[in-house]
Amino acid sequence: MTATPSPSPTAKRVLLAAPRGYCAGVDRAVIAVEKALEQYGSPIYVRHEIVHNKYVVQTLERKGAIFVEETAEVPEGSIVMFSAHGVAPTVHAEAAERGLATIDATCPLVTKVHKEAVRFAQDDYDILLIGHEGHEEVIGTSGEAPDHITLVDGPEDVENVEVRDDSKVVWLSQTTLSVDETMETVDRLKEKFPQLISPPSDDICYATQNRQIAVKQMGGQADLVIVVGSKNSSNSVRLVEVALGAGARDAHLVDFAEEIDEAWLEGVSTVGVTSGASVPDVLVEGVLEWLSTRGFEDVELVKAAEESITFSLPKELRRDLRAEAAALGSAE
Ligand code: SF4
C-alpha cells in the first residue's frame, strides 16, 4: 500500500477507508464460535447468522457450526450460541426449557441497549426504539420490554407514534443505523414530544459511527464507492447510503470482488473502498486486487479514527476454558 500525492484528474486511484471491517463485537462472536468448536467439538448450533456476512457464515459451517433459524430446531441437550445481534428473554427461556446449553455471543454494546430498555421500562417510560422493522437486533431489544417499546422505523414513521404520557418518553436506537437519519428522526420526535429524553450514552455504536465518518471523508472525492458487505448487514447497507449522501457519484454493495460490474468503472478515476463491521479484510483485499488489475494500483488511506476496543469472550466459554486450563494444570 502506498500513500500517493494528489492525483492528476485522469489518474486512477483507490481511497481505502480506515477503520473498516471487523468491529470488536463481530471479532468476539466469530472467535467464540471457533473456540466453542475447539472446546466442545462439532456441532455447535448457532441461532441465526452469528454475524451478517455470507463468507463468515460459510467458513464457520465448514468448521462444524450449524446455523438454525429457531431454538426449536436444536436437538435437546445440544449447545446453542446466540448471535451478536442479541435475543429476547423468551429465547433464553425456550432454550432452558429444551435443556440446551447456551453461549450468549450478544455484543456487549447491544446488551447495553437491552439494559437501558429494561431500566426505562421499570420506571414506566414509553420507549421509542428507532430501528428497522424485522431486524434481529430490534426484535431482541423489543423483547426486553414489549409492553413499553414502540418501534420507530425512520423519520416518516414519527407521525404514527402514540405514547401514554408525553412527559415520560425516551428514545433508544438500534446500534447500526445511519447517524444522520437517526438524528433526523429524533428531531421530529422532539417536535412531537418536547419532553423526550435521550439515551444515557450513544446507542449507535462506535464502529458504526467510525465507518460512516470515514466514508463521509472519502465520499465527496470518489466517483464510485464499493462497500464490501452482505445485503442483510444493516451497517453495510448504511455505508452505501452515507457514501451517496456524501457526494459519491455511485456506490454499490458487494459480498465478493466477483460481484463488481466492469460497467461501474466507466469514466471513473477515483474508487472509494470500505467494508461493513462484519466483513473480514480478506474480502477487501480481493476487491483491491480486482481493482489493481484494472489500473487502480495506487491506494491512499483515508483514516477517520483509531480503534482499540476489544471484548472478552462470552462468560460461559471463559468459564469452561478456565476449568479446562485448571484441570490440565493439576494433571501435570
Ligand atoms: S456493529 Fe457495533 S453493536 Fe454491532 S457487533 Fe459491532 S460493535 Fe457490536
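The values are calculated or read from the model by the stated rules, or taken from the named source; none is laboratory data. Computed from a predicted structure; not experimentally measured. FYI the Cβ positions are ideal-geometry reconstructions off the backbone, even for glycines, and counts take in every protein chain you see. Just the protein is used for accessible areas: all its heavy atoms, side chains included, with ligands, DNA and RNA removed. Shrake-Rupley method; radii C 1.70, N 1.55, O 1.52, S 1.80 Å.
Taking the numbered list (1) under 23 Å from SER83 (Cβ atoms); (2) assigned to a helix (DSSP H, G or I) in turn, ILE127 passes all entries but (2).
Quick grid of which residues meet (1) more than 16 Å from the ligand (Cβ to nearest atom); (2) closer than 23 Å to VAL242 by Cβ:
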residue: LEU265; (1), (2): yes, yes
residue: VAL268; (1), (2): yes, yes
residue: GLY272; (1), (2): yes, yes
residue: ASP281; (1), (2): no, yes
residue: ASP298; (1), (2): yes, no
residue: LYS303; (1), (2): yes, yes
residue: SER308; (1), (2): no, no
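Would you check if there is a residue in the stretch 167-181 being open to solvent by 40 Å² or more (accessible area, probe 1.4 Å) and at positive phi? Scanning the stretch 167-181, I find no residue that is open to solvent by 40 Å² or more (accessible area, probe 1.4 Å) and at positive phi, so the answer is no.
Output the residues belonging to the stretch 186-201 that are open to solvent by 80 Å² or more (accessible area, probe 1.4 Å) and at pLDDT below 95. The answer is PRO200, and nothing else. Does THR274 fit the bill of being within 30 Å of ALA105 (Cβ to Cβ), surrounded by fewer than 13 Cβ atoms within 10 Å (Cβ to Cβ) and in contact (Cβ under 8 Å) with a residue 24 or more places away in the chain? When the stated conditions are applied, THR274 does not pass them.
Would you confirm, using the coordinates I've provided, whether PRO9 is at pLDDT 95 or above, more than 24 Å from PHE311 (Cβ to Cβ) and either within 12 Å of the ligand (Cβ to nearest atom) or part of a loop (DSSP other than H, G, I, E, B) (or both)? Spell out how you get there, then give the answer.
Working: at pLDDT 95 or above: no; more than 24 Å from PHE311 (Cβ to Cβ): yes; either within 12 Å of the ligand (Cβ to nearest atom) or part of a loop (DSSP other than H, G, I, E, B) (or both): yes.
So PRO9 does not fit the description; no.
Does the stretch 99-140 hold any residues that are open to solvent by 50 Å² or more (accessible area, probe 1.4 Å) and of a type in the set (Asp, Glu), and which are they? Across the stretch 99-140, the qualifying residues are ASP123, ASP124, GLU133.
Within the stretch 165-199, how many residues are assigned to a loop (DSSP other than H, G, I, E, B) and more than 16 Å from the ligand (Cβ to nearest atom)?
Residues of the stretch 165-199 assigned to a loop (DSSP other than H, G, I, E, B): 165-168, 174-178, 193-196, 198-199.
With the extra rule that they be more than 16 Å from the ligand (Cβ to nearest atom), the set shrinks to 165-168, 193-196, 198.
So the answer is 9.
When the criteria are applied in full, ALA305 fails the requirement of being hydrophobic (A, V, I, L, M, F, W, C) and surrounded by 18 or more Cβ atoms within 10 Å (Cβ to Cβ).
Every listed requirement among (1) over 18 Å from ASP104 (Cβ atoms); (2) over 21 Å from the mean Cα position of the chain (by Cα); (3) at pLDDT 95 or above is met by TYR40 save one, (1).
Take the conditions (1) more than 16 Å from the ligand (Cβ to nearest atom); (2) open to solvent by less than 10 Å² (accessible area, probe 1.4 Å); (3) modelled with pLDDT of 95 or more; GLY219 misses just one of them, which is (3). Quick one: would you say THR150 is hydroxyl-bearing (Ser, Thr, Tyr) and in contact with a helix residue (DSSP H, G or I) (Cβ under 6 Å, 6 or more places away or on another chain)? For THR150, the condition - hydroxyl-bearing (Ser, Thr, Tyr) and in contact with a helix residue (DSSP H, G or I) (Cβ under 6 Å, 6 or more places away or on another chain) - is not met.
Taking the conditions exactly as written (under 21 Å from the mean Cα position of the chain (by Cα), farther than 23 Å from GLY140 by Cβ, within 16 Å of the ligand (Cβ to nearest atom) and not aromatic (Phe, Trp, Tyr)), does ALA214 satisfy them or not? Answer is yes for this residue.
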